[in-house]
Structures are given as structure tokens and as C-alpha cells.
1. Once both labels are modelled 7 Å past Cα along the beta-carbon direction, what's the H35-R17 spacing in nm?
2. What size of dipole, in debye to the nearest 20, comes out for the chain about its Cα centre when the only charges are +1 on Lys and Arg C-beta atoms and -1 on Asp and Glu C-beta atoms?
3. Using packing as a proxy for protection, rank 48-58, 27-37 so that the peptide with the highest average count of other Cβ atoms within 10 Å comes first.
4. What distance in nm lies between label points placed 7 Å from Cα along the C-beta direction at F46 and K8?
5. Compute the angle between helix 39-48 and the longest alpha-carbon principal axis of the chain, please, reported from 0 to 90 degrees and rounded to the nearest 10.
6. Tell me which of P40, I9, A51 sits at the most positive position along the dipole axis of the chain, charges placed on C-beta atoms (Lys, Arg +1; Asp, Glu -1).
7. Summing -39500 (n - 2.57) over the DSSP H runs of n ≥ 4 in the chain and dividing by its residue number, what mean residue ellipticity at 222 nm do you reach, to the nearest 500 deg cm²/dmol?
8. Report the dimensions of the chain along its three principal axes from the alpha-carbon atoms, largest first, rounded to Å.
Amino acid sequence: MGMTITEKILARASSRREVAAGEVVVAKVDVAMIHDFTGPMAVRSFKAIGATRVWDPQRVVV
């Protein structure tokens, strides 16, 4: 059976030919989204690990 659109996106972003449900995939992130409801919790966690900046502010959207 073919891959779903999500599997195709993750396969391309991880430089793999294919991926399947249940696999752990390390993929390149094009854009990171932070939701206005969960964003403050994410920012607190980000600061708690000692992070001071995101990898590319132009690739983070709210």
C-alpha cells in the first residue's frame, strides 16, 4: 500500500525513501507553529531547558 500524504512529507523531510506509522523519524523542520492556547506552556518549557533563541525566527508562526 502507498504512503499517506503525512508519511510522504515526513519521508522527504527525513531524506528517506519511505516511512510508516509507528516509526520514529528525525526530520528537517521547515516551519514550526505555536498555538495561542498552548504557546505559553511551550515557551516556559523552552526557557526551562535553557534555550535562549529559536533556530530561525522567520520559520516560527503563531
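1. 3.7 nm
2. Details: 9 positive and 6 negative charges, 40 e Å.
The dipole magnitude comes to about 180 debye.
3. Numbers: 48-58: 8.2, 27-37: 10.1.
My ranking of the peptides, most packed first, is 27-37, 48-58.
4. Result: 3.1 nm between the two label points.
5. 80 degrees
6. Highest projection toward the positive end goes to A51.
7. On the way: 2 runs with 19 residues, N = 62.
Taking each H run of at least 4 residues, the total per residue is -9000 deg cm²/dmol.
8. So the three principal-axis extents are 41, 22, 21 Å.
Each reported figure results from applying straightforward, stated rules to the coordinates on display, with no laboratory input. Quantities reported herein were computed from a predicted structural model and do not represent experimental measurements. Every residue, glycine among them, receives a Cβ derived from its backbone with ideal geometry; neighbour counts consider all protein chains shown.
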